[in-house]
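Asks: Below are the structure tokens for one structure; questions will follow.
The values are calculated or read from the model by the stated rules, or taken from the named source; none is laboratory data. Computed from a predicted model, the values in this text were never measured in an experiment. No Cβ is skipped: glycine too gets one built from the backbone with ideal geometry, and neighbour counts run over all protein chains shown.
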Amino acid sequence: MPASNTPPERYADLVDPLGNDSELAQMVLRLDQALQPRPAPSEVHAAFAQVLQARIAAQTSQQQVESAAALSRRDVMKAAAASMAWLLALNHTGPEVAREFARFAEEGPMTGARLSNILQVERRRWNALLAEVGVERMEEPGVEGAWSVKELIAHLTWYERRIVESAQQIVNTGTDPTRVRSGLAALSMDERNEIIAAESRQRPLADVLAEADQVFSQLLGVIAACPDELLNNAAVLGLPDDIPPWMRVANNSYGHFREHEASIRAWLDRSSQPGERRD
Amino acid sequence: MPRNEQTNRNREQTAQHAAGSSGESNAVSDDAALMLAAQRDIALFEPLYARYVDRIYSYLRMRAGRDGADEAADLTQQVFLRALDALPRYQIRAGGSVAAWLFRIARNAATDWQRSQRRTVPWEAVPEDLHPCAEDSAESATLRRDEIAEVQRLLALLDATTREALILRFTAQLTLAEIGAVLGISEDAARKRITRALHTLKERYHAGI
């Protein structure tokens, strides 16, 4: 039947291990002929094109709304100068992260595109760690104190969400809703963290993971909308000269994640020791 | 140049840049780059759609059975709708596969549909509209049809899980690791399942069973 007696290269992993079994190679060829994919009907393409256009239009419309709501750069600078100081209260920077920030700063002004790229690379690293943990172990207590990985994720997401909300408000309206502390933000850090962890214990793991992804997407969105000048000009924001705003963002995103990453790795190491109970 | 055209061209260039050079050996990393680009701009999902739509449709055509052409087309649309909805949540990981992700969605869609039909779709034969287009002479086309009919008959004798593994390999053109990921088994188990099926088919073909 087939013009050639050799199956295509893509089947080498099936045919090669079987040596010179020509009959088996023939069967691979027959199956390749009988089961090869065929073009989808044109109506499938037409329907998908319509759906995709609708999604693109929705995305564009959202971007236009955000753009229309934004203030002038001068207004943003003035407003931000008065409203981002609270971020200084959050100190997650370890020596390693601080050295990395200093190196980035020496390489020139930070751009939104570059910060976004750094955040995405770091998030892939974090996700690789979570994959190493596996969803089946994410609710085991005792990772950091009594907290599980799920509670840690909820904790990190809460702080990242604060950054997102603050930055969105600053970029879009020039006011910062997080400057006036209320609710959890008005509590001490320990009290706040305990409540966030307790709430997350009641939530399904899938919700906590989905929220983390959603907030990270929002963070990328607001970085994309943020003027580069706002990311770099510490003086305009009333921050110390060596702490440009992009450091505050990175610090409360991946800098914070790295702080807790060490606990997770130590827990993984402990639980992989011989005789360690995992139940 | 009209703005839309310029935008589309920019998106195409961005997608090409994200995907790098195309080539089968780089398919997985290309896919990951395309996914990353699509997560930032939904219009850039189109190259992934174009890469997989025929294989998804053909897989679903097999799952939908001999008279299931319309159902397979509907299911294909559902698969890509679900993929667009899930796009923001897709996590790019080392060793992950966009192909396996898409075919898991397709497999779930087919299973949901079969459950809703409250029946098992009988495997009567490979649907006729999936037969290869004969570009050869009338004589070789006849031979080809006879051979295909024989392969169909032999496939019908296999159990459903073995048949699905073969469809994922020969129709969906997934790697053994991807087949394992779709079926929830190891790569080694996928290899054994397919190798065993090939031996069974070969023996039955020559025995005329």
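Asks: Is at least one residue of the stretch B:13-24 of a type in the set (Asp, Glu), under 23 Å from A:Glu43 (Cα atoms) and at pLDDT below 90?
Replies: First pass over the stretch B:13-24, keeping only residues of a type in the set (Asp, Glu): B:24.
Pick out the ones that are also under 23 Å from A:Glu43 (Cα atoms) and you get none.
No.
Asks: Would you check if A:Ala250 is modelled with pLDDT of 80 or more, under 26 Å from the mean Cα position of the chain (by Cα) and either under 30 Å from A:Ala113 (Cβ atoms) or crowded, with 17+ Cβ neighbours inside 10 Å (or both)?
Replies: On the way: modelled with pLDDT of 80 or more: yes; under 26 Å from the mean Cα position of the chain (by Cα): yes; either under 30 Å from A:Ala113 (Cβ atoms) or crowded, with 17+ Cβ neighbours inside 10 Å (or both): yes.
Yes: the conditions hold for A:Ala250.
Asks: Let me ask you something else. Go through the stretch B:40-53 and give me each residue that's part of a helix (DSSP H, G or I) and facing chain A (nearest Cβ under 8 Å).
Replies: Pass one, the stretch B:40-53, residues part of a helix (DSSP H, G or I): B:40, B:42-53.
Answer for the stretch B:40-53, where residues must be part of a helix (DSSP H, G or I) and facing chain A (nearest Cβ under 8 Å): B:Arg40, B:Ile42, B:Ala43, B:Phe45, B:Glu46, B:Tyr49, B:Val53.
Asks: Then there is this: When the stretch B:172-206 is examined, which residues are found to be within 9 Å of chain A (Cβ to nearest Cβ) and either among the aromatic types (Phe, Trp, Tyr) or in a loop (DSSP other than H, G, I, E, B) (or both)?
Replies: Correct list: B:Ala172, B:Gln173, B:Thr175, B:Tyr205.
Asks: Still on this structure, please answer the following. Do we have B:Ser97 as in contact (Cβ under 8 Å) with a residue 60 or more places away in the chain and either out of contact with any Lys or Arg (no Cβ under 6 Å at 6 or more places or on another chain) or over 20 Å from B:Ala181 (Cα atoms) (or both) here? Before you say what the answer is, go through the steps one by one.
Replies: On the way: in contact (Cβ under 8 Å) with a residue 60 or more places away in the chain: yes; either out of contact with any Lys or Arg (no Cβ under 6 Å at 6 or more places or on another chain) or over 20 Å from B:Ala181 (Cα atoms) (or both): yes.
Yes, satisfied.
Quick grid of which residues meet (1) surrounded by 13 or more Cβ atoms within 10 Å (Cβ to Cβ); (2) modelled with pLDDT of 80 or more; (3) in contact with a Cys (Cβ under 9 Å, 6 or more places away or on another chain):
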residue: B:Tyr90; (1), (2), (3): yes, yes, no
residue: B:Leu102; (1), (2), (3): yes, yes, no
residue: B:Pro127; (1), (2), (3): yes, no, no
residue: B:Glu139; (1), (2), (3): no, no, no
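Asks: Mind telling me which of the residues A:Ala113, A:Ala131, A:Ala79 ends up being at pLDDT below 80 and part of a helix (DSSP H, G or I)? If you could, list the steps in order and put the result at the bottom.
Replies: Values: A:Ala113 fails: at pLDDT below 80; A:Ala131 fails: at pLDDT below 80.
Matching residue, one of A:Ala113, A:Ala131, A:Ala79: A:Ala79.
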